[in-house]
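A short write-up of the structure that comes next.
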Amino acid sequence: MQLDLTGRVALVTGSAQRVGRVIALELARHGVNIMVHYHSSSPDEVRSVMQDIKSLGVDATSVQADISTAAGVEQIFSAIKDHFGRLNILVNSASVFQKRSLLEVTLEEWEQTMAVNLTAPFLCTQAAAAMMKENSPPGGAIINICDRGADKPWPEYAHHGISKAGLLALSEVSAVSLGPDIRVNAVTPGPVMKPARRNMSDQDWQAVGENLPLKQVGEAEDVARAVVYLARESFLTGTVIHVNGGEHLT
């Protein structure tokens, strides 16, 4: 059965910019009220996404918090309770992405990556599940944003890939543990947006897509539509949707 998302409340972590922003906007287009979480985004970025979400006719508020800490996660869910009083959808999208080979990774880098990419989704899942069980009727949907490191070893991004493999495992354990009321699924994006901190030309970006079975790169909107699909489909849990042009097959 396909659920009507109108009037529901979603938390999208890391939703002031990049893919998280696009996910928040796509949910808003389907009538979902949005809690925008951000950490280091600029005031202009936050103001822009808030305006764009509200222009779609839904409610939105924002919270700045460091989800690498338990206190930061508590701050987010306190803000949700204060403003909305309920939660129906959690999208764990916030992530740190650092290029390092295994022997280059420092302990500090390892701990920071695991804190943001794995521990924070774990803590958010626990807090979200507690709120979702209070809904009438109880229930909700959790969608975790993984990437290619969840499918196979990614030695160029060693600690990042390991954290995303852990996130996929968290998704599957959560799906079994939180059913039948709460569904948990994952989306694995491929190249859908140019890297944030690399000066990559359009030509080089298109060349990335040539290595995929579909011979093209994607768009952040492709990921956002997959998130909405998982939020709406009531008979899906423990599912992974690869939005990557077949990258996981290469």
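Any read-out appearing in this document is the output of simple, stated calculations on the displayed coordinates, not a laboratory observation. Just so it is clear, the structure is predicted and the values come from calculations on it, not from any experiment. Because the Cβ atoms are built from the backbone with ideal geometry, glycine has one as well, and the counts that use them run over all protein chains shown.
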Relative contact order (percent, whole number), the chain, Cα cutoff 8 Å, 6+ residue spacing = 20 percent
task = Determine the distance separating the Cα centre of segment 10-47 from the Cα centre of segment 119-139; give it in Å without decimals.
result = 19 Å
task = Please report, in cubic angstrom per residue, the volume enclosed by the convex hull of the alpha-carbon atoms of the chain.
result = 125 Å³
note = Final fewest-first order of His30, His160 on the 10 Å Cβ neighbour count is His30, His160
Euclidean distance of C-alpha centroids, segment 147-173 and segment 178-215, integer Å = 14 Å
query = Can you list the lysines whose alpha carbon is less than 26 Å from that of Lys133, not counting same-chain residues fewer than 8 positions off?
reply = Lys81
